[in-house]
Amino acid sequence: MPERPARPQQAAGMAPPDASIIERSARDPESFAILYDRHAATLHRYVARRLGEGVADDIVAETFLCAFRKRDRFDPGTSSDARPWLYGIAANLIGKHTRSEVRMLRAYARTGADPVLTRQATSDDALSRLDFAAAQRDLAQALAALAKGDREVLLLIAWAELSYAEVAAALGIPVGTVRSRLNRARTRVRAALCGVDVTSPREVSS
């Protein structure tokens, strides 16, 4: 499937880009709160789906604290959007909870509770053609079985809706590595879901 073009970020004239907010925060530290207001909710949803609500608050708070302390390292020449930078910081923090994430996914696989992609994240509501509870269990089991790096790339694309280039920036890896990890992850997930591809509709490119 062809890769989709990246979504436009803040519309011109409507709001200052993230890079401008970060630059301003060097002179006015309190302005960094704008970045929190802009991105904390979506980041929290992502982390909560990975690790549960109980851990998400702490991870998000630590992500923005770390980002504030290291805001002089943000490279506006790479992107004016802070999302890849923030998700990269969060990914490092999530990585410290890998065992907890795998345990949670395996628990979901046993119970059939919703751990992952909703119907809105599938093409033509493909999962509606399957027994939804069984599909959830299979998907959770497949995610738990993925290598850590492959799972990280898959979820940043499928849940955080980052582009290949944004995932590469977030994780500090080449775009080619993003593609190879995603390919491995998608192959495992498709096999678990009888050929249904739950990632294609969310894929975007740089």
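The values are calculated or read from the model by the stated rules, or taken from the named source; none is laboratory data. Please read all numbers here as calculations on a predicted model, not as lab measurements. So basically every Cβ, Gly included, is an ideal-geometry build from the backbone, and we count neighbours across all protein chains shown.
Couple of notes before you dig in:
- Residue match in the stretch 88-103 (condition: among the acidic types (Asp, Glu), under 27 Å from Arg137 (Cβ atoms) and in contact with a helix residue (DSSP H, G or I) (Cβ under 7 Å, 6 or more places away or on another chain)): yes
- Each residue in the stretch 76-94 was checked for being assigned to a loop (DSSP other than H, G, I, E, B) and not β-branched (Val, Ile, Thr), and 6 of them qualify.
- Condition met for Ile22 (in the same structural domain as Ala91 (by TED's automatic domain parsing), β-branched (Val, Ile, Thr) and either within 25 Å of Tyr164 (Cα to Cα) or at pLDDT below 95 (or both)): yes
- Residue list for the stretch 152-181, restricted to those being charged (D, E, K, R) and either surrounded by fewer than 20 Cβ atoms within 10 Å (Cβ to Cβ) or touching a residue at least 40 places away in the same chain (Cβ under 8 Å) (or both): Glu152, Glu161, Glu166, Arg179
- Residues in the stretch 47-96 that are among the polar types (S, T, N, Q) and within 18 Å of Ala165 (Cβ to Cβ) were compared, and the one that is surrounded by the most Cβ atoms within 10 Å (Cβ to Cβ) is Ser79.
- When residues in the stretch 144-176 are screened for being of a type in the set (A, V, I, L, M) and outside any helix (DSSP H, G or I), 5 of them pass.
- From the options Arg179, Arg184, Arg110, residue that is in a helix (DSSP H, G or I), at pLDDT below 90 and basic (Lys, Arg): Arg110
- Counted residues, the stretch 115-160 - those being of a type in the set (Val, Ile, Thr) and either modelled with pLDDT under 85 or farther than 17 Å from Ile94 by Cα (or both): 3
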